[in-house]
Amino acid sequence: MLWKEKKYAWLLLIFLWCFGFAGSLSRFVISYYQGELTGSLGVGRDFLGTTWSTATFIGAICAPLGGLLVDRFGVKKVMLLVSCSQILSLVTVLTLRNEAGYFIGNGLFAGFVGLGASTSYVLITGWFQHHRAKALAVLGSSTSLGFAVLVPILANWDGLTWIKVYEVLLLISLLFIPCIVFVLRENKEPEGASPPSVESSQKPDTENTSKPLLNWMSGIRMFARMLRHPVYVIAAFAILTCGISMGTVEMNLVAIHQTAHASTGMISSAMSLLGLLEVFGGITFSFLLDHTSRTRALAILYLLRTVAFTLLIIHFPVSPILFSLIFGATYVGAVPGAILIAKETLGPDKSMGLHTGILLLVHQLGGVLAALGGGFNFDYAHNYQLLIGVNLLLSLVVSAAYFSVKSKARTEAAVKTLAQ
C-alpha cells in the first residue's frame, strides 16, 4: 500500500495522466492554428466555432449514454470504442483536408468521443478510496499542464503545421489501444465489501446473473430518484454553471481581453498563467475536498469565481493577470467535487457511470450555451459584458447554495444533539 492506496491505483493514474497530457495537442491546434486552419480550409472562424459547438453538443448527449454502456459492458470496452472514434475523427480530417472533412471529423466523429466522458472518473473512484479528490484533480490537470508546457515549445517549432500535429495525435491514439487492452483493469471489489465465505462462494450467483445490470426504464427511475435529492440538484446546477464558465473561458477569454484592448503580451502572459494555475489550484482544492467539508470547499471555489468575473467585468489594465490567477486556481476542482458529492449523496451502487454521465452531460450543455451566448452577445452588443455578468451571477448563486447545504447540516446536527 502506498499512502493507503493500492500501487496499481497510482500506476493507473500515471498512465491516464500521460495520455491526457498528450491529448492537449488537440486543444493546442484549436487555440494556436485558427488562422492557418481558416486559410487552409477556406472558411471563417464562425465555422470553427460551429464545429466545436457541434462536437460539444454531441459529446454532451453521448455522456450519459456512455455511462450506461460503462455500467453494462465495463470501462475497457467503452474506452476501446472511444479510441476508435478518436482515430476515425483524425483520419477523416487528415484524409479529406477540406471543409466537409473537418466538420465530419472534428464536429461529428469527435463528438462521439463523449461516450468515454465518465470512464476515467469511474476508474479513479473505483481504485482510490482515501485520495479520490486529489487523484481526480491530478488527472484533470493533465490537459492544462500539457497545454501550458507544449504551447511555448510547439509555437517556436519551425515548419510545424496543424496537419503534422494531428498526425502525431493519430499515432498516440493508435498506441492507446494496445495499452487499454493490456494495462487497464477495473477494481471489481465493491467498497466496504467483506471477503465472501466458503459457503457463499460455492453457491452459484443465479440472482445476479439473471438480473441485467441496467436498462432504460431503470435508468429513468434512477434519474427521478436523483432529482429528489436537494444536494444532487445543487451539484447539477453547479456543474451547469461550471460548464458555462468553462465555455466562456475556452472560447471567448482571448476575445474578451482583445475587446478590452489588452496588449498582446498581457494576453499571452495571462493565458500561460491560466494553464499553470489550473494545475496548482486544482491540487490545492483537491486537498480541501479530501480533508474538509466538500460543500464548504466548493462554496469557496465558486465565491472565488465570483470575484474573478467581477474583476473581468470592470476590466482594468491588470485584470487579465488577476483573472487568470483566481479563476485558474478554481479551474479543475469544480467537476470532480460535484461528482464526489453526487456519489456520496446517492450512495454506492452499480450506476456510477450513469450518474457521472448525466452530470457531464449538464456540464457540456453549459459549454454549448456559453459558446452560442458569447457569439450572440458580441453580434448584438459588440462586447461580452452580458456573458460575463451571467457567469458572475450564477457563480454567486452556486456559492450561496453550497454554503446553505453546510449550514443546514450544522443545524440538523445541533437539533439531534439537543434531542439527545
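The values are calculated or read from the model by the stated rules, or taken from the named source; none is laboratory data. It should be emphasised that the depicted structure is a prediction, and the values quoted were computed from it without experimental measurement. As a convention, Cβ positions derive from the backbone with ideal geometry for all residues, glycine included, and neighbour counts pool all protein chains shown. Accessible surface areas use protein heavy atoms only, side chains included; no ligands, DNA or RNA. Shrake-Rupley method; radii C 1.70, N 1.55, O 1.52, S 1.80 Å.
Tabulated data
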quantity	calculated
Solvent accessible area, Å² - F309, 1.4 Å probe, full protein context	0
Probe 1.4 Å - accessible area at V390, Å² to nearest ten	60
FRET efficiency, 1/(1 + (r/R0)^6) with R0 45 Å, evaluated for D46 and L171 via beta carbons	0.90
Mean Cβ count within 10 Å, highest first, over the residues of peptides 133-139, 70-76	133-139, 70-76
Ranking by accessible area, most exposed first, for E278, E186 with a 1.4 Å probe	E186, E278
Modelled FRET efficiency - R0 51 Å, V397 with T95, Cβ distances, 0.05 increments	0.65
Solvent-accessible surface (1.4 angstrom probe) belonging to Y8, in square angstrom, nearest 10	30
Solvent exposure, largest accessible area first (probe 1.4 Å, DNA, RNA and ligands not counted), of Y121, Y102	Y121, Y102
Added length on full extension, which subtracts the Cα-Cα distance from 0.36 nm per residue, N383 to H261	42.8 nm
K6, K77, K164, ranked by accessible area, largest first (probe 1.4 Å)	K77, K164, K6
³J(HN,Hα) computed for each position of the stretch 81-90 - Karplus, 6.51 cos²θ - 1.76 cosθ + 1.60, integer Hz, glycine/proline x	4, 5, 4, 5, 5, 5, 5, 4, 4, 5
